[in-house]
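Every number here is computed from the coordinates shown, using simple stated rules; none is lab data. Everything numeric in this text was worked out from a predicted model, so none of it was measured. All Cβ positions, even for glycine, are placed from backbone atoms using ideal geometry, and neighbour counts span all protein chains on display.
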C-alpha cells in the first residue's frame with residue numbers, strides 16, 4: 001500500500017468515526033429522510049419503510065458528484081423532481097458527467113488526490129479504491145440506510161462487497177434493479193416499419209432475413225421523396241459507440257451473452273476474447289458482404305454521433321443495429337414530424353437459426369457498479385441518508401412517476417399517467433425530462449425494477465405492460481399485431497431459455513488497478529478497433545487475409561494472458577457471490 005493511500009485511509013477512518021460519534025451524541029442516529037413526517041400531498045399514496053420518526057436535518061447542503069455516464073438532460077436539480085428531492089433532504093448535487101472516455105476521467109480523479117463527495121465510477125471504481133479514495137459503506141448502510149437495506153436484502157448486500165480479499169462495500173449497486181422484469185426490448189436489429197410492412201411482415205430471425213427486407217425496399221425506393229439516396233444500414237462507430245452498434249452484435253447474434261469483450265462458458269467459466277470465436281468471424285463477414293453490395297452506409301466508420309442521429313432524423317435510414325437510448329433522438333424527430341412509419345421495430349436477429357439471440361440472457365442481480373462516498377466527503381451520514389431517501393418507497397415513486405397531480409394522478413387506488421402527459425413522454429421526451437426530472441435520478445440509488453409493486457399495489461416504475469402498450473403509436477401497434485405480440489420483448493427468447501450466469505456480467509467486475517488486464521485490454525481494443533473496420537470495408541476476397549492478420553496481432557499482444565487473467569476474476573466473483 002502506498003503511503004498516500006495509507007494516510008488518506010487513516011484520515012478517512014478517523015473522520016468517519018468522529019462524525020459517527022458526534023452524530024450519535026446529537027441524537028441523529030438511525031433515522032432516515034423518508035420518514036420525517038414531511039410527506040407532501042404530491043406523493044401521499046406512497047409508503048415509507050423506516051421506523052425512526054425523528055426530524056431530519058434539512059439544512060441546505062451541496063454535495064459534489066461525478067458520474068461516468070452522461071446525463072444530457074441534467075438541470076442542476078432545478079427540474080420539478082429535483083426540487084422535491086432537495087425539499088425532502090436539504091441536498092443539492094453539484095454534478096459533473098463524463099464527456100469522452102469515462103475511464104480516463106476516473107483515473108484523473110483518482111490520481112489527483114481531490115475527490116468529489118459522491119462518485120459513480122462504474123467498473124473503474126477500482127481506481128478509486130486503489131487510491132484509498134472510497135469510504136466503506138457497510139456500517140453507514142447498517143445504521144442510517146433502512147431503505148437501502150430493505151430494497152437490497154441480505155443476499156444482494158453480500159453481492160455489493162468489493163472482493164474476496166476486501167469485503168468492504170464501496171458503492172451501493174444502482175445499475176441493476178432488484179427483481180427486474182423485462183416487458184419490452186429497446187435493442188436488437190432495427191427496421192423501419194414501412195419497410196417491414198411492404199415486405200409483408202416476414203419472419204425476421206436471421207441476418208439474411210434482415211438483409212432481404214432492406215434490399216427489397218431499396219430496390220423499389222432507392223431515393224426519398226426529395227431525390228436523396230436512401231440508406232440500407234448505418235452504424236455508429238464514434239468512440240465507445242463502436243461497442244454498441246459494431247462489435248457487441250457479433251456475440252448477441254451468435255449465442256454468447258454480454259460479458260464485455262469476453263465470451264465466458266456458463267458451465268466451465270472458460271474465458272475467450274469473444275472476437276476469437278469462429279462464429280463471430282462469420283458475422284463480420286456478413287457486414288463485409290453488406291458493404292460489398294452497397295447496403296452498408298460508407299460513412300459508418302467516419303461519422304460522429306450527432307451526424308448519425310441527424311441522418312436517422314431524415315428518415316432515409318432503413319436499418320439500424322443499436323439501442324433506442326442511442327438513436328432515440330433521431331427517431332423522436334421523425335415522430336414529431338408525424339412520420340411514424342419511418343420509426344423502428346426491434347427484431348432478435350441471429351447469424352443463423354442455430355443460435356438464440358442473447359440480449360435477455362439473465363445475470364441475476366448485479367452489484368458492483370453504483371454510487372459511492374469518497375473520503376473527501378465531510379458529511380458521509382447526510383450523504384448516505386440522501387441516497388437512502390431516494391431508495392425509499394416515496395423516493396422511488398417520485399423518481400419514476402413524478403409529482404402527483406402533475407405527472408400522474410390516482411384513480412381508484414391506481415397511479416395513472418394522464419393522456420396529455422403520456423403524449424409528452426412519447427413525443428417530447430427530452431423537454432419533458434428537463435422540465436420534470438422524471439427518470440433523471442434513477443441511477444443515484446438502489447431501486448426496484450419493472451414489474452415490482454409497492455404496498456399500495458401499484459408498480460414502482462411506469463414500465464409495465466399496460467403502460468408500455470399505451471405509449472405505442474398506431475403504426476407500432478400495427479407492426480406488433482402483425483407479429484402477434486404486445487411488445488417487442490415478445491419476439492425475443494425468454495429468460496428461462498438460458499442458464500443464469502453466476503458471475504452476473506464480466507464487464508461489471510472491477511479490475512484491480514495493478515492488474516496487467518488494464519494494459520492488455522487497451523492493446524486488444526486498439527487492435528480490434530483498427531482491424532474490424534478494415535475487415536468490414538475490405539474486398540470480400542481480402543477478408544480472410546485481414547482476419548488472419550487480426551488474429552495474429554491479438555496473439556502477439558497477449559490475448560491468451562488476458563483471457564487467463566479475466567478467468568481468474570470471474571472465478572473470484574463466483575466465489576464471492578456464492579459463499
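Quick notes
- Expressed in units of 2.2 N^0.38 Å, where N is the residue count, the Cα radius of gyration of region 443-492 is 1.40.
- Prolate/oblate/rounded label for region 414-500 (Cα gyration tensor, a/c 1.5): oblate
- Calculated FRET efficiency for the pair residue 455/residue 336, C-beta based, R₀ 30 Å, to 0.05: 0.20
- Between helix 146-159 and the chain: long-axis angle, C-alpha atoms, 0 to 90°, nearest 10: 60 degrees
- Semi-axes of the equivalent ellipsoid for region 428-562, Cα gyration tensor, largest first, Å: 41, 25, 17
- Three-way shape label, the chain, alpha-carbon gyration tensor, a/c 1.5: oblate
- Ordering of 384-394, 420-430, 458-468 by burial proxy (mean other Cβ atoms within 10 Å per residue, highest first): 384-394, 458-468, 420-430
- Cα Rg, Dmax (largest Cα-Cα span) when computed across region 265-313, Å: 16.0, 45
- Compactness relative to 2.2 N^0.38 Å, alpha carbon Rg of region 78-191: 1.27
- Translational diffusion of region 505-573, µm² s⁻¹ [Kirkwood Rh, Cα pairs; Stokes-Einstein; 4 °C; 1.567 mPa s]: 97 µm²/s
- Region 347-420 shape via C-alpha gyration tensor axes, a/c threshold 1.5: oblate
- Among 145-153, 176-184, 99-107, the order from most to least packed when residues are scored by Cβ within 10 Å on average: 145-153, 176-184, 99-107
- Nearest-ten-degree value, helix 517-537 long axis tilted from longest Cα axis of the chain: 30 degrees
- Cα centroid separation - region 532-579 against region 380-443, whole Å: 42 Å
- 0 to 90° range, to nearest 10: angle between helix 278-292 axis and the chain longest Cα axis: 60 degrees
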